[in-house]
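A short worksheet on the structure shown next.
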Amino acid sequence: MFEQYMPFIGLIIFGNIENLILSSQGVVEGVDPKILGGLSILVVIAWLFIGTVATDFAMQYANIITFIGGFAIFVLGLKSVWDAVKNIRSQKGGA
């Protein structure tokens, strides 16, 4: 049973990284941690449901889905670092 999910193992790992990136963006923007945590849990549950229901259909597109997911995580990571640097510079007076 686990073998059918192996094409998505990279996406599972990168999905966890994406969740951490989005959480760090929320912290940088000053979002309430309780709201951020609750929304994060809801999104994880939604993706679990979507992944459970759509796995059979998505298997033929596993490589494309993994590429798009990895690219999205890369872009979100760059945006997160960019926002964090801007925030640090604004707090230190342009350091």
Worksheet, complete the sentence: Within the stretch 13-36, the residues that are under 26 Å from Ser90 (Cβ atoms) and small (Gly, Ala, Ser) are Ser23, Ser24, Gly26, Gly30
Practice prompt. Test Ala72 against the criterion of being within 14 Å of Ile12 (Cα to Cα), of a type outside the set (S, T, N, Q) and in contact (Cβ under 8 Å) with a residue 12 or more places away in the chain, and give yes or no.
Written response: yes
Worksheet item: Taking the stretch 7-32 only, how many residues are under 20 Å from Val81 (Cβ atoms) and aromatic (Phe, Trp, Tyr)?
Response: 1
Response to the item:
Taking the stretch 31-50 and keeping residues open to solvent by 60 Å² or more (accessible area, probe 1.4 Å) and either modelled with pLDDT under 75 or not aliphatic (A, V, I, L, M) (or both) leaves Asp32, Pro33, Lys34, Trp47, Phe49
Worksheet item: Which condition number does Gly70 fail, the rest of (1) open to solvent by less than 100 Å² (accessible area, probe 1.4 Å); (2) within 20 Å of Phe2 (Cβ to Cβ); (3) within 12 Å of the chain's Cα centre (by Cα) being met?
Response: (2)
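The values are calculated or read from the model by the stated rules, or taken from the named source; none is laboratory data. Not measured: the values here are computed from a predicted model. In this analysis, Cβ positions are derived from the backbone assuming ideal geometry, glycine residues included, and neighbour counts consider all displayed protein chains. Accessible surface areas use protein heavy atoms only, side chains included; no ligands, DNA or RNA. Shrake-Rupley method; radii C 1.70, N 1.55, O 1.52, S 1.80 Å.
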